[in-house]
Amino acid sequence: MNSSVFPDKGKKPEREDLKKALGKNFDLWDGIIKFVFKSHKDSFEEWNYSKLGWSCRIKDKKRAIIYLMPYDKYFMSSFVFGEKAVKDSLNSNIADEIKNTIKSSKVYAEGRGVRIEVKNKKVADDVKELIRIKLNN
């Protein structure tokens, strides 16, 4: 597992740091966050530091909706899906490559952990569809 592009525990990333690190993909990151906030009024952003560096979690009072880990010029989106969300995802119009990622993701007690690299608009749009599915389950 790769480390965040922000490894310094003493310096939480700011918006400008993200713009510089993600380059043209910053707009995809920002669009995903805005999509969650628009879709789910009770959601909020929370930055956390771990042994992998800084990452962002969008959540509400009860659960994490999506995890975002910034890398150099791209980012990773991660979800935990229950079986109904997995089924709905596999029946959706997202890319077959992402469906295969979901199918092959490890199953934990709290659900299936799904990680998707976001490097282009098509994948970002599929991630938004997965957010919609997550919020409806």
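The values are calculated or read from the model by the stated rules, or taken from the named source; none is laboratory data. Since this is a predicted model, take the numbers as computed values, not measurements. Backbone-built Cβ (ideal geometry, glycine too); neighbour counts: all protein chains shown.
Of the candidates LYS51, LYS61, LYS38, the single residue that is of a type in the set (D, E, K, R) and modelled with pLDDT of 95 or more is LYS38.
Show me the strands (runs of 3 or more DSSP E) found entirely inside the stretch 23-137 where at least 2 residues are touching a residue at least 40 places away in the same chain (Cβ under 8 Å), surrounded by 13 or more Cβ atoms within 10 Å (Cβ to Cβ) and not hydrophobic (A, V, I, L, M, F, W, C). Qualifying strands (runs of 3 or more DSSP E): 53-59.
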